[in-house]
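Worksheet: one structure, shown below.
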Amino acid sequence: MTHRGSRVLKVGSLARVEGEGALHLRMGGGEVAEARLAIYEPPRFFEAFLRGRSYAEPPDITSRVCGICPVAYQMSACRAIEDACGVVVDGQLAALRRLLYCGEWIESQTLHIYLLHAPDFFGCDSAIDLARTRRADIERGLRLKQAGNAILELLGGRAIHPVNVRLGGFHRIPSTTELRPLTDRLRRARDDAAQTVRWVAGFEFPDAGCDNDLFALSEPGTYAIESGTPTVMPAPHTGCLPPESDRALPTRTFGVHEFGAHVAESQVPHSTALHSLLDNRRHLTGSLARYAISGRWLSPIALQAAYDAGLGDPRQGTVCRNPFRSIIVRAVEVLYAVDEALRIIDAYEPPPHPYVDVPSRAGTGHGATEAPRGLLYHRYTLDSEGIVTDASLVPPTAQNLGAIEEDLRRIVQERLGDGDPTDAELTALCERAVRNHDPCISCSAHFLNLTVERT
Amino acid sequence: MTGSDRPKLAVWKFASCDGCQLTLLDCEDELLGIAERVEISHFLEASSTDAPGPYDLSLIEGSVTTQQDVDRARHIRAVSKRLVTIGACATAGGVQALRNYADVADFQAVVYARPDYIETLSTSTPISAHVPVDFELRGCPIDRGQLVEVITAYLAERKPDVPAHSVCFECKQRGTVCVTVAHGTPCLGPVTHAGCGAICPAYGRGCYGCFGPSNSTNFPSFIPLLRRDGMDTLDVVRVLRTFNTAAPEFDAASRKELEE
Ligand code: SF4
Ligand code: SF4
């Protein structure tokens, strides 16, 4: 590629993301004509083969959509099917579900921070490279990740595709004595998590913003994870603010059962993942959205850490719209999850029975929870025998693709304004921009090669 | 050892959930040690390094579902001294092999408004259906301890020590009371390959077969046990047709159920 004014850039396989995909940029006359994220992960057809299965099966089966966030799939499936059957799981069983989910948040967010994202800030290929000069940091990350896995293993049986989740609760619940050994490990993890926030807050961040609606669950009084109401904070331009603004805008909400009326999926030719729009606009789910919508409900220690890390004061409604800083928000969420896990264990009293009965009935149920990467929605229709006749899974990455592509377009456009980047520079920049959003391509059910086309 | 003296490790992905390769990153205590002993030449989930082969050990996750996959499997075989599949997808087609019983066009129509944009084969097959494989590690997902054993064994150029008996043995080792005998819970333990450490019975549920068939299965005497514990034909077929549906033993047993 010689003529800089007009080119096509292709990035083969994107590294340090979950799943497989490609990136394609088409530029001409100093403008980015097209930036697209092509998912070439072959489709696995979960929604098709869930038809005809018993209503008890989706928690185990859909966990296999994604090995990085199986609990998210299990929890959204349980909520949707319990909704169809008219059952609500609350009290200590709900607390145990939140504890399991905290384990997944700690493990998965720490994986992204240390093993996938941090190497970008040091110009390294991998965490293993980074460990050559920063061994203590990487060891801290592995230790923290292991603490998340310890929760999953104790409560779920294993870290990947836990076996202990069922409709209505768990197959077996732990005794107070069984949970207690986690406490020492989690106290150490809380120090590691606080140190992680300080570590990532010291990285250098490019200026950037995002001009799309933010979408997450909210549940006043708590940082929404395993339940809540879909909530939208509109994009800055709608309030005439610059995309980098850290001011909150008034939010709106709708019921989980109205999800399909608001979030519409459509298919695009370049990808096996479906794209989606929220009320006909681009939206972003995940850490930035959650922090904007639920930030004030973080625990005091996480609130203070966020403030000290330069994220402003979430109690005053300060939001973060710089995708590069999402690594700090993730670190704050890990600290919160560790703190929350400790709180749940401290307040734990074993419920009388490991699960509540979920008798099947005909109907349609909806469930949404906050996977580490963003809001994950499931819908199932059951017949009177409890057989699934229809299933719909809307993963966060599929919802985020439009916003990620817009991010890529803006970031490359801004870089073009600063002079003439080489293909290698552009590739590195785009890969970073994509990793900011921790996309999980396996779960798009269906991730990344960069192609830049300069015409 | 430094630089290129170290054996080269490659990790590849086909149709899968990433869970089996994540198992390698979940070896928090061993990860940096392993990385000192091998050169990680290709492992997209963990590293932007993409060094050309040949590789001393290739680990493959995922099943073959596209024509490009078939070509890629052949290429990987050609550039790998040892090829080990990790997990139920790479070893038995995975949960996505449920399409093998259906018309894939129907499946596409359920998920996509424009199925013509999607390229896929009508089957999901294990890697061994296309190229010779040196070792198959079972599980959905694989077990961390077994993975470390397999990597260590291949580095030492010996056979991995991975037992082929059933989950029942592991229940006995773990001291778990048999859920079938004590509670009449239907359990696939007797026909399922060991490796997980018999997790499910320890958590009060029956094994659902995620490690696939053990080396000796006796379905004619086993299926009546499932029936006694309350499973009807469709229940039996569904439990066999989940994460290891294309494993020959599970496939044959489920077909036989439907015939009778
Ligand atoms: S075998 Fe199971 S855990 Fe492994 S990649 Fe396939 S679906 Fe995921
Ligand atoms: S289903 Fe069977 S093989 Fe899989 S974890 Fe449970 S007991 Fe082990």
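Bear in mind that the values in this text are calculations on the coordinates, not laboratory data. Because the structure is a prediction, the values reported are computed rather than measured. Cβ atoms come from the backbone with ideal geometry, glycine included; neighbour counts cover every protein chain shown.
General remarks:
- For chain A, with +1 on Lys and Arg beta carbons and -1 on Asp and Glu, the positive-most of A:Thr196, A:Ala264, A:Ala362 along the dipole: A:Thr196
- Overall form of the stretch A:293-374 per C-alpha gyration tensor (a/c, 1.5; a/b vs b/c): oblate
- Cα gyration tensor category, rounded, prolate or oblate, for chain B with a/c compared to 1.5: oblate
- Inter-chain neighbour count for B:20-29: the average number of beta-carbon atoms from partner chains within 10 Å of each residue's beta-carbon is 6.
- For the residues of A:161-169, the average number of beta carbons from a partner chain within 10 Å of their own beta carbon is 3.
- B:Thr152 versus B:Arg228: modelled label distance in nm, points set 7 Å from Cα along the beta carbon direction: 4.0 nm
- Ranked packing of B:127-138, A:238-249, most packed first, by mean Cβ within 10 Å: B:127-138, A:238-249
- Highest average packing first - A:331-338, B:154-161, Cβ atoms within 10 Å: A:331-338, B:154-161
- Dipole axis of the protein assembly as shown (+1 Lys, Arg; -1 Asp, Glu on Cβ), positive-most option in A:Thr176, A:Ile61, A:Asn280: A:Thr176
- Net charge of Cβ neighbours under 11 Å - reference A:Arg330; Lys, Arg +1; Asp, Glu -1: +1
- The stretch B:1-65 and the stretch B:116-176: distance between their alpha carbon centers, rounded to Å: 16 Å
- The stretch A:151-254 shape via C-alpha gyration tensor axes, a/c threshold 1.5: oblate
- Computed from label points 7 Å out along Cα-Cβ, the spacing between A:Asp418 and B:Lys159 is 5.8 nm.
- Basic side chains Lys and Arg get +1 at the Cβ, acidic Asp and Glu get -1 at the Cβ, and with that the dipole of the stretch A:224-363 about its Cα centre reaches some 480 debye.
- Pairwise label distance in nanometres, B:Ala51 with A:Asp313, each label 7 Å out on the Cα-Cβ vector: 5.3 nm
- Average projection, convex hull of the Cα set of the protein assembly as shown: 28.9 square nanometres.
- Ignoring lysines fewer than eight residues from B:Lys172 along the same chain, the ones with Cα atoms less than 27 angstrom from its Cα are B:Lys159.
- Residue among A:Leu401, A:Ile160, A:Leu375 farthest towards the positive dipole end of chain A, charges placed on Cβ: A:Ile160
- Local electrostatic count at A:Leu214 - Lys and Arg +1, Asp and Glu -1, tallied over other residues with Cβ under 9 Å: +1
- The calculated FRET efficiency for A:Asp207 paired with A:Arg252, based on their beta-carbon distance and R0 = 41 Å, is about 0.90.
- The mean number of partner chain beta-carbon atoms within 10 angstrom of a residue's beta-carbon across peptide B:91-98 is 4.
- Calculated FRET value between A:Glu265 and A:Thr133, using beta carbons and R₀ = 35 Å, to 0.05: 0.20
- Here the dipole of the stretch A:13-150 is about 280 debye; that uses its Cα centre as origin and unit charges on the Cβ of Lys and Arg (positive) and Asp and Glu (negative).
- Around A:Phe49: net Lys/Arg minus Asp/Glu count, Cβ-Cβ under 10 Å: +4
- Length released on extending from A:Glu425 to A:Thr364, taking residue separation times 0.36 nm less the Cα-Cα span: 17.0 nm
- Each peptide in B:190-200, A:185-195 was scored by the mean count of other Cβ atoms within 10 Å over its residues; highest first, the order is B:190-200, A:185-195.
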